[in-house]
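The values are calculated or read from the model by the stated rules, or taken from the named source; none is laboratory data. On a predicted model such as this, the values are computed, not experimentally measured, just so you know. Every residue, glycine as well, gets a Cβ built from its backbone with ideal geometry; the counts of neighbours run over all protein chains shown.
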Amino acid sequence: MMANPKTIGLCIFLFLASALVTLSIKQTHHKTPFLPTTHRKGVKTTVTTTQQQILQTHKVAFATFLAANSNPDKKETDEESAAIDDADDGYFIATRTLAYTLLHSKSAGTNNSIDFLVLCTKDVTKRKRDRLKKDGATIIIVEGIKSDWVNAGIARWADMLAKLRLFQLIDYAKICYIDADTLVTAPLDGVFFDEATLTQATLPNPAEIKDDEAPLPRTYMFAAHADYWGYDHPFPPPADMSYLNCGFFVLTPSLVLFNYYMSVLNIPGRFDPSFMEQNLLNYAHRREGNMPWKPLWYGWNVNWATEKDWRGGGRSFHAKFWDGDPSHDPVLKGLWKEKRAEMEGFYRGRDGV
């Protein structure tokens, strides 16, 4: 029996309509993959047109933290430091290098005019804050956060709890925090679209709700990398590690979450205080808790980094490359020194000096 011509025509119409819708969706949302399809050095993570529009309408930022006491060997006065071009303050030089890389570098900078925030404690001198502002950074002066029972394991960590002020910056939808002692070799804009940075529903497990802690937010977002605890790690690294490193993470600011952290900080013994904010965040976002942290794509950042990680496709590397620590990878140290020289040349040319 012959099929009804109207039925055949309707089927053809529906097929063509479905194909057109599918093609439209692919062109709108999937022009290029979010993550690199290969991990060779020099491959860029592309951000699609739709993602660029999202970055323009949803405020995001890169951020770092700078404290005056982070360098115990600094000169007594700011004038003495200025006289030697701040050679005594590696963290300040590193912050300037990071600002240049993210804001101005042709090979590793943002392609989307993303803000770079520098959270400064009040004791960072006005001259240094003004220099960073001239470099293009947005300066945010923050109050310190103290607790009688939490003491820094190392003197330069004394103000690290102030990094938690990031969670109060609710004008931003997402912030990617990067320690100043980080070498960036490729664009990081795509980190804001990493699957781990999707908003998560807070879990309701009653066994993990503590009566002496403030209420948890209904939703949260906190994504990071594991701490590898040494240079002898594979790349890609193992995916089942549970202890996060606070040198690179992505967050959604939340006053409810900040208040929760402060309540935890006020409970002596609730977490190991030796690594201060890192151990507080590891407790708050423990894998078995109600707000487990999510692992970012391994290539965004590597701690305890080596040349192997760079050649494998890593995009940023955490180490104090300016100091004389012989354990630092010589190739990465050389790349950081090149980036610093590039930064200094850029600003000499721009400032006309």
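Side notes on the structure shown:
- Set E342, E288: member being surrounded by fewer than 19 Cβ atoms within 10 Å (Cβ to Cβ), part of a helix (DSSP H, G or I) and touching a residue at least 24 places away in the same chain (Cβ under 8 Å): E342
- For W229: the one exception among (1) in a loop (DSSP other than H, G, I, E, B); (2) on the phi < 0 side of the Ramachandran plot: (2)
- Test: residue in region 105-112 that is without any contact (Cβ under 8 Å) to a residue 24 or more places away in the chain and buried (at least 19 other Cβ atoms within 10 Å of the Cβ): no
- Enumeration of residues in region 79-117 that are closer than 16 Å to F317 by Cα, more than 16 Å from the chain's Cα centre (by Cα) and part of a loop (DSSP other than H, G, I, E, B): S107
- Boolean, P326 is within 30 Å of E208 (Cβ to Cβ) and either among the small types (G, A, S) or in a loop (DSSP other than H, G, I, E, B) (or both): no
- Here A162 qualifies as surrounded by 16 or more Cβ atoms within 10 Å (Cβ to Cβ) and in contact with a strand residue (DSSP E or B) (Cβ under 6 Å, 6 or more places away or on another chain).
- Single residue of region 189-213 satisfying the filter (among the β-branched types (V, I, T) and not in a loop (DSSP other than H, G, I, E, B)) that is farthest from A108 (Cα to Cα): T197
- Only one of the numbered conditions (1) assigned to a loop (DSSP other than H, G, I, E, B); (2) within 18 Å of K320 (Cβ to Cβ); (3) at pLDDT below 90 is not met by N69, and that is (1).
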